[in-house]
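J.: The structure follows.
The values are calculated or read from the model by the stated rules, or taken from the named source; none is laboratory data. In this text, all values refer to a predicted model and were calculated from it rather than measured experimentally. Note: ideal-geometry Cβ built from the backbone for every residue, glycine included; neighbour counts use all protein chains shown. Calculation scope for accessible area: heavy atoms of the full protein, side chains included, ligands and nucleic acids excluded. Shrake-Rupley method; radii C 1.70, N 1.55, O 1.52, S 1.80 Å.
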4 protein chains.
Amino acid sequence: MNESTVTLQGWVGSEVRERDANGVPVASFRLACTPRYLKEGTWTDGPTSWFTINAWRGLAHNVVESVHKGDAVFVEGRIRADTWQRDGLPDSTTLVVDARVLGHDLNRGVCSFVRPVRGTVTEEQAAEPTRGPEQPVQEVA
Amino acid sequence: MNESTVTLQGWVGSEVRERDANGVPVASFRLACTPRYLKEGTWTDGPTSWFTINAWRGLAHNVVESVHKGDAVFVEGRIRADTWQRDGLPDSTTLVVDARVLGHDLNRGVCSFVRPVRGTVTEEQAAEPTRGPEQPVQEVA
Amino acid sequence: MNESTVTLQGWVGSEVRERDANGVPVASFRLACTPRYLKEGTWTDGPTSWFTINAWRGLAHNVVESVHKGDAVFVEGRIRADTWQRDGLPDSTTLVVDARVLGHDLNRGVCSFVRPVRGTVTEEQAAEPTRGPEQPVQEVA
Amino acid sequence: MNESTVTLQGWVGSEVRERDANGVPVASFRLACTPRYLKEGTWTDGPTSWFTINAWRGLAHNVVESVHKGDAVFVEGRIRADTWQRDGLPDSTTLVVDARVLGHDLNRGVCSFVRPVRGTVTEEQAAEPTRGPEQPVQEVA
């Protein structure tokens with residue numbers, strides 16, 4: 001199984017970019033996660049880690065409409081390290097998370113939520129959970 | 001440490017109720033979680049589990065302003081089973097989650113996010129992460 | 001999707017019980033989780049929560065051979081509240097976790113690990129990840 | 001708080017290395033995580049991601065005694081991306097996880113567990129949960 005699940009809180013550090021992956025809509029952005037530590041009685045920032053967040057299908061559409069640079073969000077999903085090899089250079093690694101759940105972090109602000117009106121989602125889409133190419137499908141044995 | 005951490009997706013099944021716990025603001029609501037299964041090729045609902053969600057301090061204020069009955073939300077936090085004993089009756093158990101992170105689920109709708117304006121949060125509050133009575137504090141050894 | 005995922009650390013509070021659920025082997029035990037808090041400079045125990053842990057298929061066999069009353073274990077899986085209604089009595093609720101990952105907690109002891117010898121696992125079983133009736137199946141879109 | 005929590009299942013890809021970080025014992029190893037996908041009815045391996053796992057204090061000792069190259073383990077902890085900048089070369093990134101919980105994966109083998117005998121752990125150590133420099137401390141408000 002070798003599942004690698006991550007839960008992140010952070011700040012959106014780029015605009016959301018839309019693309020089409022073999023007919024599947026994907027929304028992507030960069031997320032900055034800066035842990036805070038209590039060091040000798042004072043809260044201080046640790047080093048920032050950057051992640052590339054991908055949202056697929058129905059989640060992609062809602063992310064494009066809802067998420068903007070500077071927003072505080074949480075993400076839960078599967079993490080992988082994409083490593084790129086180039087001639088004569090050291091490998092370059094990007095942390096990629098395929099989001100299963102994504103939303104604004106109410107620790108950091110307030111939010112007004114609107115469910116999609118009838119007609120924007122087909123019955124089929126509503127019946128099947130939103131998922132990306134690597135999202136789990138549940139099946140009863 | 002015996003940590004019991006839970007990640008939930010569900011629907012808010014009650015209005016949000018505010019109270020004061022020894023001077024600490026708490027917002028509470030009931031969350032319904034209904035898993036879906038692929039059974040013989042068809043998506044079907046499993047039985048619904050109900051949880052009591054508590055949000056503390058700054059998170060409590062933002063939950064009161066943002067979360068309403070019928071919203072789709074995501075919660076991450078610590079879970080415990082509160083069991084009540086009554087004379088001559090079987091024990092009654094409530095599942096309680098003290099939220100660390102909470103927000104709307106963008107799989108289920110769209111959201112507009114507003115960060116608090118200057119003046120609504122003191123420097124001290126901003127410096128210290130929002131947490132409840134049972135939320136973790138990070139300390140460098 | 002309404003996923004409810006839990007991560008638990010605790011002590012095994014019963015012997016492991018084996019049963020057969022429509023031809024699928026299941027191993028079950030009770031897990032006690034007692035959070036610890038730093039209260040006025042002293043570590044104290046919070047109230048204990050009890051969970052019923054189910055392990056399915058190949059994981060069931062290894063749990064039967066490896067896990068004993070009093071062991072410190074870690075469990076990750078899907079949680080649900082099973083509520084039983086009885087005439088004239090209040091509902092009774094049991095917290096049930098179908099384990100996806102389970103093992104001993106090396107914070108609490110040492111462990112020697114043995115992988116199954118060839119022949120005890122068929123190629124088919126090895127190819128397909130161990131899962132219960134409610135465990136996720138991954139599929140590429 | 002900007003917490004970045006990860007849950008990993010994988011194979012230990014190096015021997016465990018012990019070191020001393022300002023008087024605190026640390027055990028480290030490399031973990032290989034290879035997701036499996038159901039693609040057109042066949043289970044296939046995705047690309048492998050590598051993580052550096054650190055265990056601190058009491059957990060470090062038990063990891064040194066228990067974990068070996070080739071073992072199947074699970075890890076829960078905090079993740080960060082350590083990026084190294086070098087003159088004239090692209091940045092190099094390592095994924096580092098400070099483990100909060102760590103143990104063998106009973107999906108992949110069997111295990112015999114031994115709790116430490118009296119005398120190997122002082123009362124003070126037993127009272128305070130094992131944690132690294134970045135592990136959470138729980139405090140009641």
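J.: For a quick check: with amide H placed at 1.01 Å from N, whose amide H comes under 5 Å from B:D71's, ignoring anything fewer than 5 positions away on the same chain?
T.: Here B:V12 satisfy the definition.
J.: Find the centroid of the Cα atoms in region B:1-28 and in region A:15-58, then give the distance between the two in whole Å.
T.: 25 Å
J.: Using amide H atoms built in the peptide plane, which far-off residues or other-chain residues are under 5 Å from B:N107 H to H?
T.: Those qualifying (amide H under 5 Å, at least 5 residues apart or on another chain) are A:L102.
J.: Could you please report the charge total around C:D71, scoring K, R as +1 and D, E as -1 over all other residues with beta-carbon less than 9 angstrom from its beta-carbon?
T.: +2
J.: Sticking with this structure for a sec: Apply the Karplus curve 6.51 cos²θ - 1.76 cosθ + 1.60, θ = phi - 60°, to the phi angles in region D:37-43 and return the couplings in whole Hz, x for Gly and Pro.
T.: 10, 8, 10, 6, x, 10, 6
J.: Whenever you get a sec, line up C:T94, B:T42 from highest to lowest accessible area (probe 1.4 Å, protein heavy atoms).
T.: In descending accessible area the options line up as B:T42, C:T94.
J.: Distances from B:R36 to the same residue in each other copy, label points 7 Å out along Cα→Cβ, in nm, shortest first?
T.: Spacings between copies for this position, smallest first, are 2.6, 3.7, 4.2 nm.
J.: In whole Hz, with x marking every Gly and Pro, tabulate ³J(HN,Hα) for region D:69-82 from phi via Karplus 6.51 cos²θ - 1.76 cosθ + 1.60, θ = phi - 60°.
T.: 3, x, 5, 8, 10, 10, 9, 10, x, 9, 10, 8, 9, 8
J.: Hey, another quick one. Can you list the copy-to-copy distances for C:P47, using a point 7 angstrom from Cα toward Cβ, in nanometres, shortest first?
T.: Those separations, rounded to one decimal, come out as 2.2, 4.4, 4.9 nm.
J.: Is the shape of region D:5-108 best called rounded, prolate or oblate, per the rule: a/c under 1.5 gives rounded, else a/b larger than b/c gives prolate, else oblate, with a ≥ b ≥ c the square roots of the Cα gyration tensor eigenvalues?
T.: It is oblate, given that a/c is not under 1.5 and a/b is not larger than b/c.
J.: Still on this structure, please answer the following. Within region A:1-98, which GluC sites (Glu not before Pro) sit in a loop by DSSP and count at most 15 neighbouring Cβ atoms inside 10 Å?
T.: Those satisfying the criteria are A:E15, A:E40.
J.: Apply the Karplus parameterisation 6.51 cos²θ - 1.76 cosθ + 1.60, with θ equal to phi minus 60°, to every residue of region D:44-57 and state each ³J(HN,Hα) to the nearest whole Hz, in sequence, with x for glycine and proline.
T.: 10, 7, x, x, 7, 9, 10, 10, 9, 9, 10, 10, 10, 6
J.: Let me ask you something else. Size of the dipole of region B:1-95 about the Cα centre, Lys and Arg at +1 and Asp and Glu at -1 on the beta carbon, nothing else charged, in debye to 20?
T.: So the magnitude is around 20 debye.
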